[in-house]
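Scroll down for the structure; my scribbles are underneath it.
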Amino acid sequence: MARRPQKNGAKAPQSKEKSLESWIWDAACSIRGAQDAPKYKDFILPLIFAKRLCDVFDDEVNRIAEGVGSRVKAFKLVDRDHKLVRFYIPLRPTDPEQPVWSVIRGLTKKIGEGVTDHLQTIAKANPPLKGIIDRVDFNATTHGQRDLEDDRLSNLIEKISEKRLGLKDVEADIIGRSYEYLIRKFAEGGGQSAGEFFTPPEVGQIMARIMDPQPGMSVYDPCCGSAGLLIACQHVLDEAMHRRSKTKYAPLKMYGQEYTALTWAMAGMNMIIHDMEGQIEIGDTFKNPKFRGTTGLKRFDRVIANPMWNQKSFVAADYEDDEFSRFELGVAPDNTADWGWMQHMLASTRPGGKMAVVLDTPAVSRGSGNKAKSREREIRKAFVDRGLIETVILLPENLFYNTGAPGLIIVINTARAHGAPVRLINASQLFEKGQPKNFLADAHINRIVEAASSDVDIDDLCRVVPATVIEDLDYDLSPSRHVPLDPQIPVVPLELAAKAEEAAAVVATGQRSRRVALFSQLSETGVVAPAERGWLSVAIGSVLTKKISGEWGEDAPLEGVSSSRCLVIRGTDFPEVAQLRLAEVPIRFVPEHTAIRKRPTTGDVLVETSGGGKYQNTGRALYISEELVTATEGALLHTNFTKLLRVDQRRILPKYFYYYWSMLYDLGRTARYEKQPTSIKNFKLDDFLAHEQIAFPADKKEQAAVVEALDAIHGELRSIDTARNMLLSVRHAAFKSLFSAQWSATASTRI
């Protein structure tokens, strides 16, 4: 049976899609607000799913009613023959002209109990929905308290009721994409656990396009999460068929397995709401794979997955006692199952088939260059020697919701010859800045996909590396080693680089003029000692109103405790955070009441109290700017090796305080208060605050003038750095232009 391509391709007009996305997120936020919405995804997703089923059922009943004369007769027909509709909804409103969803919307008492009963009734009438729509108890309690009170559940139902989700209102693909949008929004607030069920759609699109699925092919995801990668493969097929004006073609045969029950239910809902069919099983794929053939594992044309990175749940016995002989290339280390997953997926791929897997970046280099034997290197060597690894793609930082690490895609092609070369793509600089995560624009996706099919090197992006070279490098497959890039230097053509450098130089000149003018005004007063100008000089600690210790938090939400997902700033993060480069800042979970009490606000100053290095003193400071608070949506916290200082703004401007502190640090004054009982330096903050002085004018307008002048210096330094990097980009582009074979050939004809 062919799937009908969506009208106008796979996407709806942006305005309609955005409207639906806005509504679907507003519905999620109606319970407590955007900050808490992710906690309630297990309640929200089934209700939106049920609304879609009810509205589609109404459309089908109305279609039948047009032929038999009334909805009453149509209901009787579908009651006798459930096959007349895709999903049979047994709910019946008192007035048959009312939508069946009104039965749920009309609940006024014991709402949680009523919703649970209705969804269980729907599941009982539709075996494929068993365990999917009825898994959640809307009347559940924890420690005697309702998880979702009836009044909030009523608000959610009412919000969901605002839009109709029937066949005539919205196409399956549009509601499906909006549903994925909601899952993504939940992932944004889900922190460490988000990566277990959600892969960024741009990454999924790259993987699916590289897999190039054809009509009727089988596609398998052994750790499918919300089934996003399987759905992406069907989308790619639909779009390809639409471009070829094909209306009849066999859909993909999709298979997935998921370990977590609620995520498994989410995958089932996601498939159905996209109007797609697939077989999603529940269970531990590694220890109990559900898809089996007559003599071993079932094999598929395409395998696509984003397994949990560096999984530590498996030991040598899990590999050695395997009944399917999946791990013949080696036993992965106990501390990371990455290459165990790779072997399971290889064993699940048909001869001539392909697979695409997302792994952590160290997976392609761990063990290389070590004299000691490395299990991972030996498995990697076997993959390379057999020609299985076709492509390795290094992705940009801060794409994934459970980590700021970049991740990479490994493409396996079982049809290649032994010793075939490996295509290495460094796409680390192909991204757009976003909040809370970076994202890939269409142009970036297209460039990566095109590079993945290239047989030649592409400057600053891709190299095709012979297996012998990889062997010489001890099977290190890091794209950054073969296609090195300086992240500070833009890689652009010569003409564009020259224009960008000119623009940066203009900005730098303007900043310098501003700085000179400001300092000229300040110097008109002459060089006069602060005391003679009426400045105050007091102990630094006396201008503070608060000193707040930090928190490190946990790497996952705390059970039974309302937790906040925070970016926890360490002293080592100060320089990058000041430039709003946040990819490496750890994501941690802290009890909500603690996060609220200790959260930095604009004007606070963080001070490093432990750290430093051989040639670097501790006591560095970071100013919490409004831009930083906005960029992180206020989800900031500081580690327990830093201290938050809050100044008395009635006396002193926070940024003046920060600049004065920075001056004392530059002069080495903080070094006097260092204590180093171990290899780590500790800063005796209280002693520093008690004994060091800060001088400042009583008039805050005069303080502001000093701050403005110092801001001008910092602005000039930043613009000079930008201009320098642009000039380096010009040099880089000039090298390529002047030393290329094409230039040499052209030049020789002129001589």
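The values are calculated or read from the model by the stated rules, or taken from the named source; none is laboratory data. What you see is a predicted model, and the numbers here were worked out from it, not measured in a lab. Every residue, glycine as well, gets a Cβ built from its backbone with ideal geometry; the counts of neighbours run over all protein chains shown. Side chains are part of the model used for accessible areas, which takes the heavy atoms of the whole protein and leaves out ligands, DNA and RNA. Shrake-Rupley method; radii C 1.70, N 1.55, O 1.52, S 1.80 Å.
Results for (1) assigned to a helix (DSSP H, G or I); (2) at pLDDT 95 or above; (3) buried (at least 18 other Cβ atoms within 10 Å of the Cβ), shown as yes or no for each residue.
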site	(1), (2), (3)
Leu645	no, yes, yes
Tyr656	yes, yes, yes
Trp661	yes, yes, yes
Arg672	yes, no, no
Gln703	yes, no, yes
Val706	yes, no, yes
Ala712	yes, no, yes
Arg718	yes, no, no
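Just to be sure I understand, how many residues within the stretch 105-128 are open to solvent by 20 Å² or more (accessible area, probe 1.4 Å), over 16 Å from Leu262 (Cα atoms) and part of a helix (DSSP H, G or I)?
As a first pass, look at the stretch 105-128 and keep what is open to solvent by 20 Å² or more (accessible area, probe 1.4 Å): 105-110, 113, 117-118, 120-121, 124-125, 127-128.
From what is left, the residues that are over 16 Å from Leu262 (Cα atoms) are 105-110, 113, 117-118, 121, 124-125, 127.
Within this subset, residues satisfying the condition of being part of a helix (DSSP H, G or I) are 105, 113, 117-118, 121, 124-125, 127.
Qualifying residue count, the stretch 105-128: 8.
Take Tyr255 and decide whether it is crowded, with 22+ Cβ neighbours inside 10 Å and either within 17 Å of Val449 (Cβ to Cβ) or of a type in the set (Phe, Trp, Tyr) (or both).
Values: crowded, with 22+ Cβ neighbours inside 10 Å: yes; either within 17 Å of Val449 (Cβ to Cβ) or of a type in the set (Phe, Trp, Tyr) (or both): yes.
When the stated conditions are applied, Tyr255 passes them.
If I go through the stretch 129-152 residue by residue, how many of them are outside any loop (DSSP other than H, G, I, E, B) and either in contact (Cβ under 8 Å) with a residue 24 or more places away in the chain or surrounded by 15 or more Cβ atoms within 10 Å (Cβ to Cβ) (or both)?
Narrowing the stretch 129-152 to residues outside any loop (DSSP other than H, G, I, E, B): 129, 141-142, 145-146, 150-152.
With either in contact (Cβ under 8 Å) with a residue 24 or more places away in the chain or surrounded by 15 or more Cβ atoms within 10 Å (Cβ to Cβ) (or both) added as a condition, the list becomes 129, 142, 146, 150, 152.
Counting residues in the stretch 129-152 that are outside any loop (DSSP other than H, G, I, E, B) and either in contact (Cβ under 8 Å) with a residue 24 or more places away in the chain or surrounded by 15 or more Cβ atoms within 10 Å (Cβ to Cβ) (or both) gives 5.
I need every pair where a residue in the stretch 704-730 that is closer than 17 Å to Ser625 by Cβ has its Cβ under 8 Å from the Cβ of a residue that is open to solvent by less than 70 Å² (accessible area, probe 1.4 Å) and of a type in the set (A, V, I, L, M), sequence separation at least 6 or different chains.
Correct list of pairs: Ala704/Leu653; Val707/Leu653; Glu708/Leu518; Ala712/Leu518.
Keeping to the stretch 388-446, report how many residues are over 20 Å from Ala232 (Cβ atoms) and among the hydroxyl-bearing types (Ser, Thr, Tyr).
Matching residues across the stretch 388-446 total 3.
Looking only at the stretch 676-701, filter to residues that are in a helix (DSSP H, G or I) and over 39 Å from the mean Cα position of the chain (by Cα); which one of those is surrounded by the most Cβ atoms within 10 Å (Cβ to Cβ)? Steps first, answer last, please.
Of the residues in the stretch 676-701, the ones in a helix (DSSP H, G or I) are 685-691, 700-701.
Next, from what is left, pick out any that are over 39 Å from the mean Cα position of the chain (by Cα): 686-691, 700-701.
Details: Asp686: 13, Asp687: 13, Phe688: 22, Leu689: 20, Ala690: 13, His691: 14, Lys700: 16, Lys701: 8.
Among them, the one singled out is Phe688.
Within the stretch 415-432, which residues are farther than 22 Å from Ser365 by Cβ and out of contact with any helix residue (DSSP H, G or I) (no Cβ under 8 Å at 6 or more places or on another chain)?
Within the stretch 415-432, Ala415, Ala417 meet the criteria.
Of the residues Ala451, Ala417, Ala382, Ala441, which single one is under 18 Å from the mean Cα position of the chain (by Cα) and free of Cβ contacts under 8 Å to residues at least 60 places away in the same chain? It would help to see each step written out before you state the result.
Numbers: Ala451 fails: under 18 Å from the mean Cα position of the chain (by Cα); Ala417 fails: under 18 Å from the mean Cα position of the chain (by Cα); Ala382 fails: under 18 Å from the mean Cα position of the chain (by Cα).
Only one candidate qualifies: Ala441.
Give the residues of the stretch 88-110 that are among the β-branched types (Val, Ile, Thr) and at pLDDT 95 or above, sorted by residue number.
The first filter runs over the stretch 88-110 and keeps only residues among the β-branched types (Val, Ile, Thr), leaving 89, 94, 100, 103-104, 108.
If the condition is that a residue be among the β-branched types (Val, Ile, Thr) and at pLDDT 95 or above, then Ile89, Val100, Val103, Ile104 are the ones that fit.
Starting from the stretch 108-125, take each residue that is without any contact (Cβ under 8 Å) to a residue 60 or more places away in the chain and list its partners that are small (Gly, Ala, Ser) and open to solvent by 10 Å² or more (accessible area, probe 1.4 Å), counting only C-beta distances under 6 angstrom and pairs at least six apart or across chains.
Taking only residues 6 or more apart or on different chains, the pairs are Ile111/Ser154.
Scan the stretch 291-307 residue by residue and report those that are open to solvent by 60 Å² or more (accessible area, probe 1.4 Å) and either in contact with a Lys or Arg (Cβ under 9 Å, 6 or more places away or on another chain) or part of a strand (DSSP E or B) (or both). Spell out how you get there, then give the answer.
Step one: list which residues in the stretch 291-307 are open to solvent by 60 Å² or more (accessible area, probe 1.4 Å), which gives 292, 294-295, 298-299.
Across the stretch 291-307, the qualifying residues are Arg292, Lys298, Arg299.
Could you tell me whether any residue of the stretch 679-689 is touching a strand residue (DSSP E or B) at 6+ places or on another chain (Cβ under 8 Å) and among the hydroxyl-bearing types (Ser, Thr, Tyr)? Working first, answer last.
Pass one, the stretch 679-689, residues touching a strand residue (DSSP E or B) at 6+ places or on another chain (Cβ under 8 Å): 680-685, 689.
Add one more test, that the residue is among the hydroxyl-bearing types (Ser, Thr, Tyr), and what stays is none.
No.
Of the residues in the stretch 32-74, how many are of a type in the set (S, T, N, Q) and either assigned to a helix (DSSP H, G or I) or at pLDDT below 85 (or both)? Working first, answer last.
Let us first name the residues in the stretch 32-74 that are of a type in the set (S, T, N, Q), namely 35, 62, 70.
After this cut, where a residue has to be either assigned to a helix (DSSP H, G or I) or at pLDDT below 85 (or both) as well, the list is 35, 62.
Total meeting the criteria: 2.
Tally the residues that are under 20 Å from Pro484 (Cβ atoms) and either touching a Leu at 6+ places or on another chain (Cβ under 8 Å) or part of a strand (DSSP E or B) (or both), restricting the search to the stretch 425-460. Walk me through it before giving the result.
Quick first cut of the stretch 425-460, residues under 20 Å from Pro484 (Cβ atoms) only: 425-431, 444, 447-448, 451-452, 454, 456-460.
Filter again for either touching a Leu at 6+ places or on another chain (Cβ under 8 Å) or part of a strand (DSSP E or B) (or both), leaving 425-431, 444, 447-448, 451, 458, 460.
Here the count works out to 13.
Report, by residue number, each residue of the stretch 217-233 that is in contact with a helix residue (DSSP H, G or I) (Cβ under 9 Å, 6 or more places away or on another chain) and farther than 18 Å from Pro200 by Cβ.
Going residue by residue through the stretch 217-233, those that are in contact with a helix residue (DSSP H, G or I) (Cβ under 9 Å, 6 or more places away or on another chain) are 217, 219-233.
Of everything in the stretch 217-233, those that are in contact with a helix residue (DSSP H, G or I) (Cβ under 9 Å, 6 or more places away or on another chain) and farther than 18 Å from Pro200 by Cβ turn out to be Met217, Val219, Tyr220, Pro222.
Would you mind telling me which numbered condition in (1) open to solvent by 10 Å² or more (accessible area, probe 1.4 Å); (2) in contact with a Ser or Thr (Cβ under 7 Å, 6 or more places away or on another chain) Ala267 fails?
All conditions are met except number (1).
Filter the stretch 420-438 down to residues that are charged (D, E, K, R) and without any contact (Cβ under 8 Å) to a residue 24 or more places away in the chain and give me whichever is least open to solvent (accessible area, probe 1.4 Å).
Among residues in the stretch 420-438 that are charged (D, E, K, R) and without any contact (Cβ under 8 Å) to a residue 24 or more places away in the chain, the one least open to solvent (accessible area, probe 1.4 Å) is Glu432.
Any residue in the stretch 458-473 that is touching a residue at least 24 places away in the same chain (Cβ under 8 Å) sitting within a Cβ distance under 7 Å of a residue that is open to solvent by less than 40 Å² (accessible area, probe 1.4 Å) and in a helix (DSSP H, G or I)? List the pairs, counting only those 6 or more apart or interchain.
Here the result reads Leu461/Ala451; Cys462/Ala451; Arg463/His482; Val465/His482; Ala467/Val384; Ile470/Val384, each pair linking the stretch 458-473 to a residue that is open to solvent by less than 40 Å² (accessible area, probe 1.4 Å) and in a helix (DSSP H, G or I).
Just to check your reading of the model, which residue among Cys224, Cys233 is buried (at least 24 other Cβ atoms within 10 Å of the Cβ), outside any helix (DSSP H, G or I) and either in contact (Cβ under 8 Å) with a residue 12 or more places away in the chain or in contact with a Leu (Cβ under 7 Å, 6 or more places away or on another chain) (or both)? Steps first, answer last, please.
On the way: Cys233 fails: outside any helix (DSSP H, G or I).
Being buried (at least 24 other Cβ atoms within 10 Å of the Cβ), outside any helix (DSSP H, G or I) and either in contact (Cβ under 8 Å) with a residue 12 or more places away in the chain or in contact with a Leu (Cβ under 7 Å, 6 or more places away or on another chain) (or both) holds for just one of Cys224, Cys233, which is Cys224.
For a quick check of your reading: which helices (runs of 4 or more DSSP H) sit entirely within the stretch 549-636 and have at least 1 residues that are open to solvent by 30 Å² or more (accessible area, probe 1.4 Å), farther than 25 Å from Asp648 by Cβ and touching a residue at least 24 places away in the same chain (Cβ under 8 Å)? Spell out the reasoning first.
Values: elements: 574-578, 592-598, 626-631.
Hits in the stretch 549-636: 592-598.
Out of all the residues in the stretch 85-101, is one or more open to solvent by 10 Å² or more (accessible area, probe 1.4 Å) and part of a helix (DSSP H, G or I)?
For the stretch 85-101, residues open to solvent by 10 Å² or more (accessible area, probe 1.4 Å) and part of a helix (DSSP H, G or I): absent.
Across the stretch 534-548, which residue is farthest from the chain's Cα centre (by Cα) among those that are surrounded by fewer than 14 Cβ atoms within 10 Å (Cβ to Cβ) and of a type outside the set (Gly, Ala, Ser)?
Val538
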